[in-house]
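Quick note: the coordinates plus some simple rules give every number you see, no bench work behind them. All figures in this text were calculated on a predicted structure; none of them were measured in a lab. We place every Cβ from the backbone using ideal geometry, glycine too, and count neighbours over all the protein chains shown.
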Amino acid sequence: MLRGTIRTRSNAGAERIYFPKLGKGAATSKARHADVVPMDLEHTRVFADMEDYYAPEYIDDLDQAKINWTLRSEYARASAWALGRQTDALIIDALDQTTQDLAADSVTGSDGELTLDVLTAVSESLNDRDVPMDRMRYAVITPETLSELLVIPGATSSDFVREQLLITGNRPAFYMGFNWIVHTGLPAGVKGFFYHTPSVGHGIARDVTSSGDWVPTKVAWLINSWMSMGATIIDEDGVLKLTAS
């Protein structure tokens, strides 16, 4: 769910994947025929350590014999989905390491819930750190926070969003400069993470791979999927954690 919302780099077989981080440059002028002046950008890098994960399950041959359809495709799908959830968990764990946070109850008019004033404060915090408003900002929120979001008139009004949210109960696709995603895997006490795509890195040493093999000693098929991935924050300025208090 979150994989496509952040910066991704692949390096087959790597134990650690690096992400370059560049500082801000300043343009200069020059006289005719004079030499250009380098910006002398600050250039550092951060890394994500790769972690290996597996999602195996056996299908007993006699269980398969008692039904008239194959279970292998169903098990393969469940195995791949397990790794998809683990990928989200890696990204959420990385986001949770941010030092940039905001307590909703510190904003006037909020008792810890998401309000328009709280959302404005979140946006202002990112704006103050020069995070671009380029439709690459994401808001990953809990189902409870979604319920609070749907109470904000602007989030459900057809004047601001195209979806009929009070009919579907869904989240707005884009509102207040954020692409919205509802996720059940956020840490306790966290209402949501707000981040800019290039500010978070997802490294892939081995993408999700699946197989189905017959194991004679088990008299069963082993359905397995595996991957090697990691995640890290690249730029703290582009990530914010919203808590209730």
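The table that follows gives values for the structure above.
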| quantity | calculated |
| --- | --- |
| Positive dipole terminus of the chain, leading residue within VAL182, TRP81, ALA14 (C-beta point charges) | ALA14 |
| Under 5 Å, built H, 5+ apart or other chain: amide partners of GLU51 | MET229, GLY230 |
| Candidate lysines for bridging to LYS218, where Cα separation is under 26 Å - those fewer than 8 sequence places away on the same chain excluded | LYS66 |
| Set of region 3-22 residues, backbone N closer than 18 Å to the point 7 Å along the Cα-Cβ line of ARG85 | 3 |
| Partner lysines for LYS21 [C-alpha distance under 26 Å; skip if fewer than 8 residues away on the same chain] | LYS241 |
| Cα centre as origin, Lys/Arg/Asp/Glu Cβ charges: region 50-104 dipole, Debye | 300 debye |
| Theoretical FRET efficiency, 1/(1+(r/R0)^6), r = Cβ-Cβ of ASP101 and MET1, R0 22 Å, to 0.05 | 0.45 |
| Region 1-30 versus region 168-245: alpha-carbon centroid distance in Å | 18 Å |
| Lys, Arg +1 and Asp, Glu -1 on Cβ, resulting dipole of the chain about Cα centre, debye, nearest 20 | 820 debye |
| Beta bridges per DSSP with both ends in the chain, % antiparallel, nearest 5 | 80 percent |
| Karplus-derived HN-Hα couplings along region 53-67 (A = 6.51, B = -1.76, C = 1.60, θ = phi - 60°), whole Hz, x at Gly and Pro | 9, 9, 9, x, 7, 8, 10, 5, 4, 6, 5, 5, 5, 8, 10 |
| LEU116, LEU242 arranged by Cβ crowding within 10 Å, fewest neighbours leading | LEU116, LEU242 |
| Relative contact order (%) - the chain, alpha-carbon pairs under 8 angstrom, separation at least six | 33 percent |
| Cα centroid separation - region 32-89 against region 124-146, whole Å | 25 Å |
| In sequence order, calculated HN-Hα J values of region 135-142 (Karplus, 6.51, -1.76, 1.60; Hz; x Gly/Pro) | 6, 10, 8, 10, 10, 9, 10, 7 |
| Cα-based shape type of region 83-162, given that a ≥ b ≥ c are square roots of the gyration tensor eigenvalues and the cut on a/c is 1.5 | rounded |
| Alpha-carbon spread of the chain, three principal axes, descending order, Å | 78, 55, 32 |
| Modelled FRET efficiency - R0 30 Å, ILE67 with THR209, Cβ distances, 0.05 increments | 0.65 |
| Karplus-derived HN-Hα couplings along region 197-209 (A = 6.51, B = -1.76, C = 1.60, θ = phi - 60°), whole Hz, x at Gly and Pro | 3, x, 7, 10, x, 10, x, 10, 8, 8, 6, 4, 10 |
